[in-house]
Amino acid sequence: MTNTIRIEDIARHVGEEVTIPGWLYSSTGKGKLLFLQVRDGSGIVQAVLFRPNLPAEVFEAAEHLTQESSLIVSGRVKAEPRAPGIPGGYELDVTGVQVVQVAEEYPITPKEHGVEFLMDHRHLWIRSRKQWALLRIRATVMRAIRDWLDSHGFVEMSAPILTPAAGEGTSTLFEVDYFGEPVYLAQTGQLYNEATIYAFGKVYCFGPTFRAEKSKTRRHLTEFWMVEPEMAYCDLDGLMDMEEQFVSHIVQTVLRERRVELEVLERDTSALERVVPPFPRISYDEALERLAAIRAATEDPELRELLAIEFGSDFGSPHETELTRQFDRPVFVYGYPTICKAFYMEPWPGRPEVCKSVDLLAPEGYGEITGGSERISDPNLLLERIHRDHLPEEAYRWYIDLRRYGSVPHSGFGLGVERTVAWIAGIHHVRETEPFPRTLGQVYP
């Protein structure tokens, strides 16, 4: 009886007789030889069939297999430096083939398909090499997130998906009828995290969040996954210290464990190698000065127009891209104007027009991957901000209560999984970082 293995472990089985259950990725024939590219979810291996060594019916059955047919192949593992695969350098000298199902004509072929077609066939597209590599990287990012937080004293808390109030502004809410009362799909779990820090000190929630943004940019989805750590007795500087350790761990874990997948994506990893603390830190005011200098120096009228910005405005993609070009790793921008940030952010001492907020901008044009702040700890100031933003006081009564019973300085941030994966993997659009993305025009499949 042969040993059933995973392709990702094939290097450990050179010279052994093994069995691999999987699917046919592609096949080519050359006289008495038939080359099957077999995938099993962990990688792809070249399985070589030599007609004289096999029963005629087995070879003929293999010849008639279609793309994505399911099969179980057996054979001896050989080291072959020229053999293609993931990982390459190994092949299977086939001694047996069991056909499980001959697939119907597969709609996704090696020819060029449009994005709309591929998104409509997302349930099949995820089987392709690049999509497989992306989603493997995503899984590693999500595990690295939990590993670091769990090993640094954070306790995972579940935040509700249905909420009575906005966390990030009322213009991007999905409203749901909750037994005759309007509630909303959660934009963030942060507010509930702030309640649980008073019980556990350091917490995080991790799950889907929803933003009804009518945006078709490459950075936006209407449903995405976000991890949100929150820490009691933590100021803005402590928050940035924690973030750079956390983000560096995620990137370095992917570099260590997903080299093969990054190679499939043809990712230049040199920029990722530099993602180690400390990260540069600049204030919003300094960022404005840098942008003004770039704008003054450029001879490109379009860029000059794109970089025009005044105090009080949040940065857009062109601003973030130009700022990150000045550094060789992610950069913190802190101290944004209060007017462009959420109501719960602590004001800067002596500058009420500025808040203790911080965004972490990824290099190479990927922009903001985390957004956070020190939170308001005074109940009266928080109530004032709720009134300023015309938010319903009753819906936030419990949130104000947190500041009445043992309030402390505390901070937290959110990191979007999809943007982080897009940056690490070096891909253009976040829609490919979700197994089944939800965008402004995409809810199928």
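The table that follows gives values for the structure above.
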| item | result |
| --- | --- |
| Count - residues of segment 325-342 that are open to solvent by less than 10 Å² (accessible area, probe 1.4 Å) and either aromatic (Phe, Trp, Tyr) or on the phi > 0 side of the Ramachandran plot (or both) | 3 |
| Criterion (open to solvent by less than 10 Å² (accessible area, probe 1.4 Å) and in contact with a helix residue (DSSP H, G or I) (Cβ under 7 Å, 6 or more places away or on another chain)) met by exactly one of Ala159, Ala133, Ala166 | Ala133 |
| Residue list for segment 420-445, restricted to those being under 17 Å from Glu266 (Cα atoms) and either among the small types (Gly, Ala, Ser) or open to solvent by 10 Å² or more (accessible area, probe 1.4 Å) (or both) | Ala422, Ala425, Gly426, Ile427, His428, His429, Glu432 |
| Residues located in segment 405-433, provided they are part of a loop (DSSP other than H, G, I, E, B), touching a residue at least 60 places away in the same chain (Cβ under 8 Å) and within 29 Å of Leu381 (Cα to Cα) | Tyr405, Gly406, Val408, Pro409 |
| Some residue of segment 82-91 being within 26 Å of Arg259 (Cβ to Cβ), in contact with a helix residue (DSSP H, G or I) (Cβ under 8 Å, 6 or more places away or on another chain), modelled with pLDDT under 95 and open to solvent by 20 Å² or more (accessible area, probe 1.4 Å) | yes |
| In segment 52-81, residue nearest to Asp40 (Cα to Cα) [restricted to those that are of a type in the set (A, V, I, L, M) and open to solvent by 50 Å² or more (accessible area, probe 1.4 Å)] | Ala79 |
| Unique match (being assigned to a loop (DSSP other than H, G, I, E, B) and either open to solvent by 50 Å² or more (accessible area, probe 1.4 Å) or over 21 Å from Glu261 (Cβ atoms) (or both)) among Gly96, Gly153 | Gly153 |
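Table: residues versus (1) under 28 Å from Lys202 (Cα atoms); (2) part of a helix (DSSP H, G or I).
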| residue | (1), (2) |
| --- | --- |
| Phe246 | yes, yes |
| Leu255 | yes, yes |
| Phe279 | yes, no |
| Glu289 | no, yes |
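The values are calculated or read from the model by the stated rules, or taken from the named source; none is laboratory data. Given the structure is predicted, the values throughout are model-derived calculations rather than measurements. Neighbour counts run over all protein chains shown; Cβ positions are idealised from the backbone, glycine included. For the accessible areas, the whole protein counts, side chains as well, though only heavy atoms, and no ligand, DNA or RNA atoms are used. Shrake-Rupley method; radii C 1.70, N 1.55, O 1.52, S 1.80 Å.
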